[in-house]
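Structure, as structure tokens:
Every number in this text was worked out from the coordinates using simple rules, so none of it is lab data. Everything numeric here is computed off the predicted structure, so don't read it as measured data. Using ideal geometry, Cβ is built from the backbone for each residue, glycine included, and neighbour counts are taken over all protein chains shown.
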Amino acid sequence: MPNRPIVSVSVDLDPIECYFRIHALPGGTPAEIRHVILRRCLPRLADLFARHGVRATFFVVGRDLEEDADGRRIVADLASAGHELASHTHTHPYDLVRLPPPRMAEEIDRAHAAIAAVCGRPPVGFRAPGYEISAELIDLLCQRGYRYDSSTFPAIPYYLAKATVMGLIRLAGRRSGSILGSPAVLRAPRTPYRPAAGSPYRRGDLPIVELPIAVTPWLRLHVIGTTLVIAPEWLRRRLTAAALAARFFNLELHGIDLADAEADGIPARLVAKQPDLRVPLARKLAALDATLNEARSQNVRFLPLQDAVSETI
Ligand SMILES: [Zn+2]
């Protein structure tokens, strides 16, 4: 029994506004789709997980809970159904690690309070916007008793693609809302580890556990929802098989992975920038259903990240 591999499925609930920021789209987010991720995509994810018996971890942006009563109810119902709520900061600032420490602390503490108010339990897990962490950030999480961080994303192609896109945006005379962190992340462990004080991508003895997002061995290809839903079927199957060969598969999804661009009213200017928004919802659902079926056929245990911590380190 204890030797069964663990799959933890988590969902970053980045509000749609984040994607307008990443791509530096002019005109901002239309008011009518502001809450589309919580109200339209989240219920689809909840159905998917219910079909497969997955208890997942939802990384929530605290401000959404304060500003969107409908979204808050959906999130609260998920917590009651046994899913974990964890922190994705209060306002999802991509430059979190460049903020002065008091502002960084405020982002953690306000989200912490908003999540505790919704589910009655304070969060014990954290994921940083844009996957960027720093020694100072990890320190703040340790001081607050967080059990894990799951931001390390040691994916080589992802890092190169992000650098390219940000360079192109810069060449066009605009500024992406995102930041590019240290390439040290590419040498970070692929398996859960305790980070070193002052050096979050190295093994050490801090009380917090780092749970890296899944990448394949050697090539370090990322195995996340966005890739699985746009990849051709043969590649999706191979990425899934590679991730399932590990003892622990930390599968990261985003709310937007189950957006239906047309039915949800996503503007064409964003659809043009995000390849996954051009894939029909039915195809994306089929890809995630297939991945979860493949996991189930290997008799894995689906555990929220907070329950995986003690079993993976
Ligand atoms: Zn995010």
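Points worth noting:
- Dipole check for the chain: with +1 at the C-beta of Lys and Arg, -1 at the C-beta of Asp and Glu, and the Cα centre as origin, the magnitude is about 860 Debye.
- Whole-number D in µm² s⁻¹ for the stretch 135-291, Kirkwood Cα-pair radius fed into Stokes-Einstein, 10 °C, 1.306 mPa s: 92
- Beta bridge orientation in the chain: antiparallel %, DSSP, nearest 5: 15
- Converting phi to 3J(HN,Hα) with the Karplus coefficients 6.51, -1.76 and 1.60 and the offset θ = phi - 60°, the stretch 292-306 yields 5, 5, 5, 4, 5, 5, 9, 6, 6, 9, 8, 10, x, 4, 4 Hz in sequence order, with x at every glycine or proline.
- The stretch 4-147, relative contact order in percent, only Cα pairs under 8 angstrom and at least six apart counted: 22
- Two-site FRET efficiency, ASP77 against LEU171, from Cβ-Cβ distance with R₀ of 45 Å, rounded to 0.05: 0.50
- Ordering of 183-189, 155-161 by packing is 155-161, 183-189, highest average first (other Cβ atoms within 10 Å, averaged per residue).
- Pair-distance profile P(r), taking every C-alpha pair of the stretch 67-134, with 5 angstrom steps and integer %: 4, 17, 26, 23, 16, 10, 4, 0
- In Hz, Karplus ³J(HN,Hα) per residue of the stretch 30-35 (6.51, -1.76, 1.60; θ = phi - 60°; x = Gly, Pro): x, 4, 5, 10, 3, 10
- Given their separation in residues at 0.36 nm each and the Cα-Cα distance between them, ASN3 and ARG39 gain 9.2 nm when the chain is fully extended.
- Charge dipole of the stretch 203-288 about the Cα centre (unit charges at C-beta), most positive-ward option of LEU221, PHE249, PRO267: LEU221
- Protection proxy ranking of 145-153, 275-283 - average other beta-carbon atoms within 10 Å, highest first: 145-153, 275-283
- Among 304-311, 59-66, sorting by the average number of other beta carbon atoms lying within 10 angstrom of each residue, highest first, gives 59-66, 304-311.
- On full extension, the segment bounded by GLU294 and LEU99 gains 66.0 nm, given 0.36 nm per residue less the C-alpha separation.
- Calculated FRET efficiency for the pair GLU262/CYS142, C-beta based, R₀ 45 Å, to 0.05: 0.50
- Taking amide hydrogens as placed 1.01 Å from N in the peptide plane, the amide H of SER87 sits under 5 Å from those of VAL60, GLY125, PHE126, ARG127, each at least 5 positions away in sequence or on another chain.
- Taking the helices alone, the chain has a mean residue ellipticity at 222 nm of -12000 deg cm²/dmol, built from -39,500 (n - 2.57) per DSSP H run of at least 4 residues and averaged over all its residues.
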